[in-house]
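Step one of this worksheet: look at the structure below.
The values are calculated or read from the model by the stated rules, or taken from the named source; none is laboratory data. This one's a predicted model, so the numbers in the text were calculated from it and none came from an experiment. Neighbour counts are summed over all protein chains in view; Cβ atoms, including those assigned to glycine, are modelled from backbone coordinates with ideal geometry.
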Amino acid sequence: MGEWLEATVVEKIRWNDGLFSLRFDAPLPAFKAGQFVRVGLDVDGERIARPYSLVNAPDETPHEIYFNVVPEGPLSPRLARLEAGDLFQVHSSVTGTMTMERTPEHRHLWLFATGTALGPFLSMLKTDAPWQRAERVVLCHSVRTASDLTYGDTIRELLHRYGNRLTFVPLVTRETVTGTLQQRIPAALDSGDIERLVGLTLRPEDAHVMLCGNSDMIEAVQQRLEARGLRRHRRREPGHVTVEKYH
Ligand SMILES: Cc1cc2nc3c(=O)[nH]c(=O)nc-3n(C[C@H](O)[C@H](O)[C@H](O)COP(=O)(O)OP(=O)(O)OC[C@H]3O[C@@H](n4cnc5c(N)ncnc54)[C@H](O)[C@@H]3O)c2cc1C
């Protein structure tokens, strides 16, 4: 279902050698914050397509994707070489279940991202929905190096707008960086450092958790959450944890 649409690169942001955002124009249909599109390029007569979350809020243009280069991958290095004015393909069926609409009632929304999985959370936090639902939002972003801590302006703007209702927890695993935790997310849950920093306990009574990115992080955190009584959320079986695996 759906069709391929032509997308035009409006702007490329190069965060570091391996980390890029592409802003683009394309006649995409309405979507929900947290959803993803399929992006394609034709290589030697064959279309290579991969899913990418949208970073822009549904009412924002241009559209935006945020990705890291997988050097041996067929698509991401080619996407990173695109420049303003270049064309690519984007599929009209925007999809994905990691959205606020599908989230049950909660007081505290905990968002855990590795790397580029920050993107869909920024899209959500730029909409009203999380702020109408949750008293407090905790955004944890785990990266390897300080130069992977991106979208600082957007995060500062959100912190300015929502004050202490939003807590941003950066975790940098391979460098010591002031103001960040030097642990992976599962270890920072085990040590209690995240909850101490935020001043909240992550518990089933008031939390909804969204996990996005690397499957190792997702599985390790899910185990810990299950031990605390937080179950995977499914449409027919409401729970506390929503998951989207990138790789
Ligand atoms: C629902 C969904 C949404 C996604 N959204 C994003 C997004 O917003 N931003 C983004 O950067 N990626 C995202 N991805 C991953 C993306 O679709 C591609 O797999 C990735 O960009 C690599 O593409 P590739 O063709 O170069 O290599 P692939 O052939 O796709 O992958 C090559 C190898 O790299 C691994 N890999 C895939 N992605 C990564 C990664 N990000 N870091 C390290 N290793 C990886 C794969 O498991 C595989 O072993 C998403 C994946 C899914 C399933």
Residue check, Ile65 against (1) within 23 Å of His141 (Cα to Cα); (2) in contact with a helix residue (DSSP H, G or I) (Cβ under 9 Å, 6 or more places away or on another chain); (3) more than 9 Å from the ligand (Cβ to nearest atom), all met but one. Which one? (3)
Residue among Val69, Val55 that is crowded, with 20+ Cβ neighbours inside 10 Å, touching a strand residue (DSSP E or B) at 6+ places or on another chain (Cβ under 9 Å) and either touching a residue at least 40 places away in the same chain (Cβ under 8 Å) or not small (Gly, Ala, Ser) (or both): Val55
I'd like the residue in the stretch 118-172 that is among the aromatic types (Phe, Trp, Tyr) and under 23 Å from Asp59 (Cα atoms) and, out of all such residues, is surrounded by the most Cβ atoms within 10 Å (Cβ to Cβ). Phe121
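Could you list, in sequence order, all residues of the stretch 97-112 that are in contact with a Pro (Cβ under 8 Å, 6 or more places away or on another chain) and buried (at least 19 other Cβ atoms within 10 Å of the Cβ)? Show your work before the answer.
Keep residues of the stretch 97-112 that are in contact with a Pro (Cβ under 8 Å, 6 or more places away or on another chain), which gives 98, 100, 104, 109.
Hits for the stretch 97-112 are Met98, Met100, Leu109.
Among the candidates Glu205, Glu157, Glu135, which residue alone is among the acidic types (Asp, Glu), in contact with a Lys or Arg (Cβ under 7 Å, 6 or more places away or on another chain) and in the same structural domain as Trp110 (by TED's automatic domain parsing)? Quick ask: steps written out before the conclusion?
Numbers: Glu205 fails: in contact with a Lys or Arg (Cβ under 7 Å, 6 or more places away or on another chain); Glu157 fails: in contact with a Lys or Arg (Cβ under 7 Å, 6 or more places away or on another chain).
So the residue among Glu205, Glu157, Glu135 that is among the acidic types (Asp, Glu), in contact with a Lys or Arg (Cβ under 7 Å, 6 or more places away or on another chain) and in the same structural domain as Trp110 (by TED's automatic domain parsing) is Glu135.
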Take Phe31 and decide whether it is in contact with an Asp or Glu (Cβ under 8 Å, 6 or more places away or on another chain), outside the structural domain of Gly152 (by TED's automatic domain parsing) and crowded, with 17+ Cβ neighbours inside 10 Å. no
Please indicate, with yes or no, whether at least one residue in the stretch 24-37 is over 28 Å from Trp131 (Cβ atoms) and within 12 Å of the ligand (Cβ to nearest atom). no
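Are any of the residues in the stretch 183-204 modelled with pLDDT of 95 or more, in contact with a Gly (Cβ under 7 Å, 6 or more places away or on another chain) and either within 17 Å of Ala134 (Cβ to Cβ) or within 16 Å of the ligand (Cβ to nearest atom) (or both)?
Yes, some residue in the stretch 183-204 is modelled with pLDDT of 95 or more, in contact with a Gly (Cβ under 7 Å, 6 or more places away or on another chain) and either within 17 Å of Ala134 (Cβ to Cβ) or within 16 Å of the ligand (Cβ to nearest atom) (or both).
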For the stretch 205-245, name all the residues that are in contact with a Phe, Trp or Tyr (Cβ under 9 Å, 6 or more places away or on another chain) and within 16 Å of the ligand (Cβ to nearest atom). Met210, Leu211, Cys212, Gly213, Asn214, Ser215, Met217, Ile218, Glu244
